[in-house]
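Okay, so here's the structure we're looking at.
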Amino acid sequence: MTMAHQAIDQALTALVEITAGFARRGWLLATSGNLSVRVSASGEPLLLLVSASGRDKESMTAADFVLVDESLQPVESGLQPVVSQIKPCPSAESVIHARIYQATGCGCVLHVHTVWNNLIAERLSSYGEVVFQDLEMLKGLDIWEEAAEIRVPIVENLFHLPALADAVVARIADPRVPGVLIQRHGLYAWGANPFEAKRHVEAFEFMWEYLFRWWSVEAGFVPAQKGDRKGRPYEPTEAGQGSIVGG
């Protein structure tokens with residue numbers, strides 16, 4: 001087996017495992033979401049393994065991932081043949097994956113649609129970001145400094161996918177923040193490898209749920225949209241409680 005084929009084989013194993021795990025958690029419902037791993041070496045033309053479009057994530061196998069080149073066209077891998085009656089085509093959102101790889105140099109991109117990331121993105125869309133401060137789970141993003149604070153961008157969900165890809169990469173600024181929320185859509189997160197990207201998704205998903213539950217339990221409300229004078233304005237809680245700041 002050549003080194004290229006070995007990289008593809010390892011990537012397929014990781015993608016199948018991550019897809020199954022996310023599906024069990026309900027993060028990839030109704031064929032939503034997409035996952036990819038970069039199998040080309042740094043400095044070489046982009047070569048990705050990406051999930052096929054329209055597949056039930058609970059039953060995906062290695063045959064449900066497609067090898068694509070930098071133009072996002074399927075290429076032959078020389079691996080096992082596709083067992084499905086329908087020839088797989090790469091996810092329509094592969095263009096977003098490709099742009100994230102080009103912008104960050106990462107090795108894996110994962111995209112999930114969850115109730116919590118949709119609620120957070122919708123409620124805070126008028127701020128254009130979510131600020132996490134002094135949360136232990138920030139260590140899941142490899143952020144270890146005391147009282148750390150990060151700002152996770154929120155972008156508008158655009159129908160034209162190349163435009164959405166542009167909007168996503170335009171908001172990638174802080175290298176400590178391996179993720180972008182898309183309003184009424186979901187989370188894109190990435191990492192140097194599949195294990196790291198998976199950990200980042202898990203950390204983000206914990207924090208979305210924590211923040212929304214904290215608003216509900218501690219204060220009995222969720223923050224009003226920016227400029228909505230009928231509700232309590234979006235304001236920080238006490239430090240140490242996972243405080244969130246409107247931009």
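Some notes on this structure:
- Gly191 long-range amide H proximity, modeled H, under 5 Å: Gly107, Cys108, Ala197
- Placing R0 at 30 angstrom, the Cβ-Cβ distance between Gln73 and Glu209 gives a FRET efficiency of 0.20 after rounding to 0.05.
- For segment 141-157, the Karplus equation 6.51 cos²θ - 1.76 cosθ + 1.60, evaluated at θ = phi - 60°, returns couplings of 9, 6, 10, 10, 6, 5, 6, 5, 9, 9, 10, 9, x, 10, 10, 5, 7 Hz by residue, with Gly and Pro reported as x.
- Along segment 169-176 the Karplus relation, 6.51 cos²θ - 1.76 cosθ + 1.60 evaluated at θ = phi - 60°, assigns HN-Hα couplings of 5, 5, 9, 7, 10, 8, x, 6 Hz to successive residues, with x for each Gly and Pro.
- Taking the average, over residues, of other Cβ atoms within 10 Å as the packing measure, peptides 55-61, 8-14 rank 8-14, 55-61 from highest down.
- Amide hydrogen proximity for Ser126: with H placed 1.01 Å from N in the peptide plane, the residues at 5 or more positions away or on another chain lying under 5 Å are Lys226.
- Remark: segment 50-58, residue by residue, has Karplus-estimated 3J(HN,Hα) of 10, 4, 6, 6, x, 9, 5, 5, 6 Hz, where x stands for each Gly or Pro and the curve is 6.51 cos²θ - 1.76 cosθ + 1.60 at θ = phi - 60°.
- Unit Cα scatterers, Debye sum, segment 84-201: log10 I(q)/I(0) for q = 0.18, 0.20 Å⁻¹: -0.95, -1.16
- Protection proxy ranking for 149-159, 90-100, using the average of other Cβ atoms within 10 Å per residue and placing the highest first: 90-100, 149-159.
Read the figures in this text as sums done on the coordinates, not as results from a lab. Note that this is a predicted model, so its numbers are computed, not measured. Please note: Cβ atoms are built from the backbone with ideal geometry, for glycine as well, and neighbour counts cover all protein chains shown.
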